[in-house]
1. Determine the pairs where a residue that is under 21 Å from Gly226 (Cα atoms), located within the range 184-206, has a partner that is away from the ligand (no atom under 14 Å from the Cβ) and acidic (Asp, Glu) with Cβ atoms under 7 Å apart, the partner being 6 or more residues away or on another chain.
2. Could you tell me whether any residue of the range 418-425 is farther than 19 Å from Ala293 by Cα, modelled with pLDDT of 95 or more and within 16 Å of the ligand (Cβ to nearest atom)?
3. Kindly indicate whether Asp31 is at positive phi and in a helix (DSSP H, G or I).
4. So which strands (runs of 3 or more DSSP E) stay within the range 107-202 end to end and still have 1 or more residues that are closer than 27 Å to Arg19 by Cβ?
5. Can you run down the residue pairs with Cβ atoms below 9 Å, 6 or more apart or on separate chains, where the first is in the range 374-392 and under 16 Å from Lys109 (Cβ atoms) and the partner is of a type in the set (Asp, Glu)?
6. Which of the numbered conditions does Gly219 fail, given that it passes all the others? Conditions: (1) away from the ligand (no atom under 16 Å from the Cβ); (2) touching a residue at least 24 places away in the same chain (Cβ under 8 Å); (3) not in a loop (DSSP other than H, G, I, E, B).
7. Working carefully through the options Leu146, Leu91, find the one that is free of Cβ contacts under 8 Å to residues at least 40 places away in the same chain and surrounded by fewer than 22 Cβ atoms within 10 Å (Cβ to Cβ).
8. List pairs: first residue in the range 290-314 and over 15 Å from Ala325 (Cα atoms), second residue in a helix (DSSP H, G or I) anywhere in the structure, Cβ distance under 6 angstrom, at least six positions apart or on different chains.
Amino acid sequence: MTAMIERAGGPALRIPAARLLIDGDWCDGGDGRRIAVYDPATEERIAEVVAATASDVERAVQAAHRAFESAAWQKMRPLDRGRLLERLALLIERDADDLARLETLDNGKPFAVSRNVDMQFAIDALRYYGGWSSKMAGEYIQLSPLGEDGGTYRAYTERRPVGVVGGITPWNFPMGQAIQKMAPAIAFGCTVLLKPSEEASLTTLRLGELVLEAGFPEGTVNIVTGHGHEAGQALVDHPLVRKIAFTGSTATGQKILAASVKTMKRVTLELGGKSPTIVLADADLNVAIPGAANAIFPNSGQICTAGSRLLVEAPIYDEVVEGVAEIARGLKLGSGFDPSVQLGPLVSSGQLDRVSALVGQGIEEGAEPLCGGARAADKGYFYQPTVLGGGRTGMRVAQQEVFGPVVLAMPVLDAKEIRMLANDTAYGLGASIWTQDINKAHLLAAQLDCGTVWINTHNVLDLAMPFGGTKLSGLGREFGTEVIHAYTEPRAVCMRL
Ligand code: NAD
């Protein structure tokens, strides 16, 4: 079922075989077609995954549908669905080091991040959503009927699982994203088909092994690897899939939304961002400068909420921007398996080209590279942490998501300009405000058009806090109490007493 990869200086890594998980069994697919998997730090080919076809997706959707309709699943006690998620959490905890190594090999991120962020998030999310399984509740409603029939009318609502859920995920937090889709779906009684990114599918395949070990009923969790335009599209088009839970780029999210119209699917779309880090003149710079660097550079900038625009009040602009550049110059790049490394490579050559092109355009349009601005090694998809000064809001690099370790700094004059510039992108995912004046922070927070505003911190995502974006950053919310609406629908039952 699996192959081993020998790695100098570390334990051998178990690589999952190129298979699909359908109806509780591993099977072939893709009519024999495969997608090559590369180590982004070395550019070596390390594995392959199945390029699933529409007919593979058809089989998986049918399995998920059968499982959803089955008496066993419909009758399973909500607490027992929660127990399944808890069992999976325990298995991920048991294998967390191995899983984290596999994530680092596939995605490039430092092992400590894979272990302490990605795997820990997956474990926490399974427990968080497992707890939700027994908390589905409706309402009892007094009605005001029209007419004089003298009847007393009441209604109650119950929350019903939406049905088969397609979870389509990106490559930046592969395992975490897979769990983020699967765990609430299962908690609320849906069944699920996961389609991981073709750039990083390996940990989702290992997740499939653990799903089987945990004893999930067959067909409740299916995993289909493949290309977005083929396997992903087939999932979106399928009438038996009642909801798509998507995280990825805005361009793909728009395609999914348009295609969902045909079958009136429910969708949640967690898309791109161009989040500002706003440093006000009264900020504590001992906190704000490392905070601004930490808003952009972790995960090599491949975080949807990354603070990729640095808006700084003019009196402290030079000090803040130079401070962030100083931190960037000191960051150590290299293999994610080297414990002293802080930044790994970008995920793919395509991503490296995209980041290089956007930085190049920014410089052509007048931005000044204060540090970085180039590929960092001949081998591997490494890009230098980059600070561009002299930014203007019309530049392409100020408007388009870079999704790399690149921040564009812009001086701002006053409160009016801060609000205008902060909101002046098509995105609305996150923003952070750095100040010691908490009144000012709250007043500014109220004027920012985005899903999350952080004050004196950035990129804090918590399962208890709703998460999502406005404008082109997406539709709907995940996490927190909002998640119940994302995977269930109310059914009203009306009665005359
Ligand atoms: P992507 O849109 O290229 O791919 C995401 C997933 O969609 C992949 O699994 C891909 O195979 C699939 N896909 C592609 N075309 C499809 C189609 N036509 N139909 C169905 N599925 C299709 O995104 P990516 O490059 O993998 O990820 C990076 C993007 O994700 C960035 O824009 C980033 O901001 C965004 N992101 C957003 C969040 C958030 O929560 N808002 C979190 C992480 C990443």
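The values are calculated or read from the model by the stated rules, or taken from the named source; none is laboratory data. What you see is a predicted model, and the numbers here were worked out from it, not measured in a lab. Glycine also receives a Cβ, built like all others from the backbone with ideal geometry; neighbour counts cover every protein chain displayed.
1. Close Cβ pairs (under 7 Å, with a partner that is away from the ligand (no atom under 14 Å from the Cβ) and acidic (Asp, Glu)) amount to Thr203/Glu103.
2. The answer is yes; a qualifying residue exists.
3. On the way: at positive phi: yes; in a helix (DSSP H, G or I): yes.
Yes; evaluated as a whole, the condition is true for this residue.
4. Numbers: elements: 140-142, 153-161, 164-168, 191-195.
Ranges flagged: 164-168, 191-195.
5. Gly380/Asp39; Gly380/Glu43; Tyr381/Glu43
6. The failed condition is (3).
7. On the way: Leu91 fails: free of Cβ contacts under 8 Å to residues at least 40 places away in the same chain.
Within the list Leu146, Leu91, the selection yields Leu146.
8. Listed pairs, sorted by first residue: Ala306/Ile296.
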